[in-house]
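Data block below; observations after.
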Amino acid sequence: MHFEIFHLTRFEYSNSVTESVMELRMQPLTNENQHCTSFSLQLSPSARIFEFVDQFGNIVQHFDIPEKHSKLEITTKSFVEVNEPQKLPESLPLESWKQLDEEIEKGDFWEFLLPSQFAHPTQPLTDLQKELNATREKDPLTLLREINSFFKANFEYAPETTEVDSPIDVAIKQRSGVCQDFANIMIALVRGLKIPCRYVSGYLFHRTNDRSHIAQDATHAWVEAYLPTLGWVGFDPTNDLIVGDRHISVAVGRDYTDVPPTRGVFKGNVESQLSVAVRVRQAETDEIESSELHAIRRKGFTVTMKPKIQEAAQQQ
Amino acid sequence: MEKDYGDITSVIYDEMYGKSDEPLAHYRAVSETISNMPHEELLQRQQAADLSFLHQGITFTVYGREEGTEKIFPYDLIPRIITGDEWNTIERGLKQRITALNHFLHDIYHEGKILNDGIVPHELVFTCKYYRREMRGVDVPKGIYISVVGTDLVRISDGSFAVLEDNLRVPSGVSYMLANRQVMKRVFPRLFGNYGVRPIENYGQQLLTTLRALAPREDREPNIVLLTPGVFNSAYFEHTFLARQMGIELVEGRDLLVHDNVVYMRTTAGLRRVDVIYRRLDDDFIDPLAFRPDSQLGVPGLFNAYRSGNVALANAIGTGIADDKALYAYVPKIIKYYLDEEPILQNIQTYLLDDDSNRKYVLENLDKLVVKAVGESGGYGMLIGPHSTREEQAKFKDLINENPRNYIAQPTLALSTAPCLIENEITSRHVDLRPYILYGDEISIVAGGLTRVALKKGSLVVNSSQGGGSKDTWVL
């Protein structure tokens, strides 16, 4: 499928700030599953844009705005062609565990096997593991399907119940959260089984006929797990979906820490408000999927004239 | 001087006596001068030396103490002497080691051949808190990761030198080496003048040459700055001292900014481009955008400017992985792997504690071994078995069981001793040696180093932060 994605991010500061320095991970990936045919980025105030590819293969743009400003607007427009994904078998043979262990031994999967900032073992996670009874007794694909289905059945999708930097324990204990939380938890569970697993940030295109409770949010996060003979397979625990041609990948990493859409520092003692609007449209049919420009969250800044970090909370 | 200073046992090598009862040939003149000097005069000279340090404001900060944290670094009057032959071995050994470690750093941040060939375990690298995954694929100027190194050497009972620690991040202490020499020349001018001691005074110039060699642009004189965390850092004195010696600006993070991927220094005449940064600030704090977001000491965007080759850093980001104390155990293999040579300087036997049989042995012998946290330096996070209480041992047992990867154990070393003037008596104390290695267009090592002294009787901890002192080091 072909998609056109429009993404507006706006920071409004209660007073002027200076020396904003920002990194963006917003350009859809080009890989074996999808092709980003064009990407444009506009900034207001304008700035010179630089680009590099990070250690996970994500395309990162960065810029700085030295002069006074009280608003920063980032607008991106992308065209992406997503392939029909491979047909997954219902399950894999049990021997695939052995094959997986051998591939891990040889390949470079370390980053996606070791604990990371959000996806690391905790007591609540261990309890969850027991509840799920996720052990290597079943084949890896069946197990992943079960874990993937667990969230929709047992967790409530509830925006604003977690923060962008909440540890996974918060969502596990209250049994609610957003896609970012579910992805981080699933990664920790899957790595606990010694299956390489990574975080994907991106967009989900909702067909009008299956609008769900997350319909107004097109920015999304899910996971990919590595399986023998199949390679990286995408699982969307928020929607209990196997990732298909409606998922558009933007960046991959160990967990959310590696892939925030915006990461920035500025000077100023101000309050900052972030608003985001995203529209994903199927390019051939003109079908429109959009969300109103809405305030995501407020974050207070109390430190005088010292740089402070702001991370765009693309909560869903 | 007679060899009669207390607690020397036969396994310990003494810098002045070796294992004999007579001073070694190269120490004889020093021994005679001090023996023939009236005790009063010796004390007067020690006082003159102390006063000189006080007046120069040569101090350091001890963390974790409540009372005034600025201290004078205690100076011992009696020099530590190393023969030319001994020095040649040290020099060759260090060059070999630094060359291999630099290859290692390039490799793990690029193809990772040594990991894929199974020489060094992947896990050891990826679990190290000093491993900087952001450096993967980044090319550093001239391929040099470690431009300034301060390797800790100890002399063991057979009289040979062994490496105790590779300090590849921001090693300090070189200002004390230089200050000790200045004071020595003033206190014992004639003795020093007649000894044929190799000079060390050109260290500042050599450091500047090394930094210049890293400059990304060759078409103009590079602007080089020294980046300090600020006055509260334990080595702030050294930062000011070195900046002055080299005639470069001493800056803090807030004095720099990055615009359009280029680093600038704020000056009264506007912004001035910076080409090379000798940073005395840890990786974690250097750029809040790339690393610790709460750092207020760093420069936002610096890492991206560095990544694109617009500014050079000494040392590179991510060098700490190569002086992780668990990785240390692999350095002989690292030398063999990249250079196909046998190590010239020995390693100290090291037990890695994520190995079950090692851990069992170590936990049963905590009273005999030294345990170190892998990521700590400055003598913090250490257990010296023979000098520890049962409670301390029990605490380390828990710590090790909790996180075995975080600790290593080594046998308690019979560090060499040297005569020192302590509380008006000449008596022996354990010493080590930290030579300073510079790696620019070539590797150069100033002939000498900082000899650190464990001032407490019998103590094996020489770190200044743990109450150590120092001596002038003479290389003949």
Residue-ordered couplings for region B:358-366, obtained by feeding phi - 60° into the Karplus form 6.51 cos²θ - 1.76 cosθ + 1.60 and rounding to whole Hz (Gly and Pro as x), are 4, 5, 4, 4, 5, 5, 7, 10, 4
Taking r as the C-beta separation of B:THR267 and B:ARG220 and R0 as 25 Å, the FRET efficiency to the nearest 0.05 is 0.90
Out of B:THR210, B:LEU115, A:LEU92 - ranked by how far each Cα lies towards the positive end of the dipole of the protein assembly as shown, with unit charges on the beta-carbon of charged residues - the top one is B:THR210
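To the nearest 0.05, what FRET efficiency results for A:SER40 and B:ARG244 with a Förster distance of 45 Å applied to their C-beta separation? Don't skip to the answer; put the middle values down first.
On the way: r = 51 Å, r/R0 = 1.12.
It comes to 0.35.
Round to the nearest 0.05 the FRET efficiency obtained for B:ARG136 and B:ASP441 when R0 = 25 Å and r is the Cβ-Cβ distance. Before the final figure, lay out each step's value.
Values: r = 26 Å, r/R0 = 1.05.
With a Förster radius of 25 Å, E is 0.45.
Which loop chymotrypsin sites (Phe, Trp or Tyr not before Pro) in region B:341-410, with loop taken from DSSP, have no more than 16 other Cβ atoms within 10 angstrom of their Cβ?
Details: sites: B:TYR351, B:TYR361, B:TYR380, B:PHE396, B:TYR407; in loops: B:TYR380.
Passing sites in region B:341-410 are B:TYR380.
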Flagged as over-length at 20 Å C-alpha distance, from B:LYS368/B:LYS395; A:LYS71/A:LYS267; A:LYS194/B:LYS372; A:LYS138/A:LYS194, the pairs are A:LYS194/B:LYS372
Here, trypsin sites (Lys or Arg not before Pro) of region B:217-272 satisfying both criteria (DSSP loop; at most 10 other Cβ within 10 Å) are B:ARG220
Once both label points are put 7 Å beyond Cα along the C-beta direction, the B:LYS19-A:GLU156 separation in nm becomes 7.7
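Taking a ≥ b ≥ c as the square roots of the eigenvalues of the Cα gyration tensor of region B:349-411, is the shape rounded (a/c under 1.5), prolate (a/b larger than b/c) or oblate?
rounded
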For the pair A:SER275 and B:GLN393, the simple spin-label estimate (label points 7 Å beyond Cα toward Cβ) gives in nm 6.8
Mean 1/r over distinct Cα pairs of the protein assembly as shown, inverted to a Kirkwood Rh in Å, yields 29.2
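Hey, got the average number of other protein chain Cβ atoms within 10 angstrom for residues in B:291-304? Don't skip to the end; give the middle numbers.
Details: counts 0, 1, 9, 4, 3, 4, 0, 2, 3, 12, 11, 1, 2, 8.
That average works out to 4.
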Per residue convex hull volume, Cα only, region A:96-257, in Å³ is 106
Hull volume per residue for chain A, using the convex hull of the C-alpha atoms, in Å³ is 130
In this structure, among B:LYS129/B:LYS360; A:LYS152/B:LYS397; A:LYS152/B:LYS113; A:LYS106/B:LYS129; B:LYS19/B:LYS456, pairs with alpha-carbon gaps over 32 Å are A:LYS152/B:LYS397; A:LYS152/B:LYS113
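Looking at the square roots a ≥ b ≥ c of the eigenvalues of the Cα gyration tensor of chain B, which shape do they give, rounded for a/c under 1.5, prolate if a/b is larger than b/c, or oblate? Show your work: numbers first, answer last.
Details: a/c = 1.69, a/b = 1.23, b/c = 1.37.
Oblate.
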Treating only Lys and Arg (+1) and Asp and Glu (-1) as charged, each at its beta carbon, one finds that the protein assembly as shown has a dipole about its Cα centre, in Debye to the nearest 20, of 1480
Partner aspartates and glutamates whose C-alpha sits under 14 Å from that of B:LYS333, ignoring same-chain residues fewer than 8 away, are B:ASP117, B:GLU341, B:GLU342
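Taking the Cα centre as origin and putting +1 on Lys and Arg beta-carbons and -1 on Asp and Glu beta-carbons, what dipole magnitude results for chain B, to the nearest 20 debye?
On the way: 52 positive and 64 negative charges, 146 e Å.
That gives a dipole near 700 debye.
Given Cβ point charges of +1 (Lys, Arg) and -1 (Asp, Glu) and nothing else, what value in debye, to the nearest 20, does the dipole of region A:9-97 about its Cα centre take?
Taking the Cα centre of region A:9-97 as origin, the dipole is about 380 debye.
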The longest stretch of chain B containing none of the GluC sites (Glu not before Pro) that sit in a DSSP loop with at most 15 other Cβ atoms within 10 Å is B:219-340
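Between A:LYS98 and A:THR229, what length in nm is gained on full extension when 0.36 nm per residue of separation is reduced by their alpha carbon distance?
Details: separation 131, 0.36 × 131 = 47.16 nm, distance 1.23 nm.
Extending this stretch completely gives an extra 45.9 nm.
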Pseudo-spin-label distance A:GLN174 to B:ASN365, built 7 Å along Cα→Cβ, given in nm, is 5.3
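Every number here is computed from the coordinates shown, using simple stated rules; none is lab data. Just so we're clear, the structure is a prediction, and the values are computed from it rather than from any experiment. Using ideal geometry, Cβ is built from the backbone for each residue, glycine included, and neighbour counts are taken over all protein chains shown.
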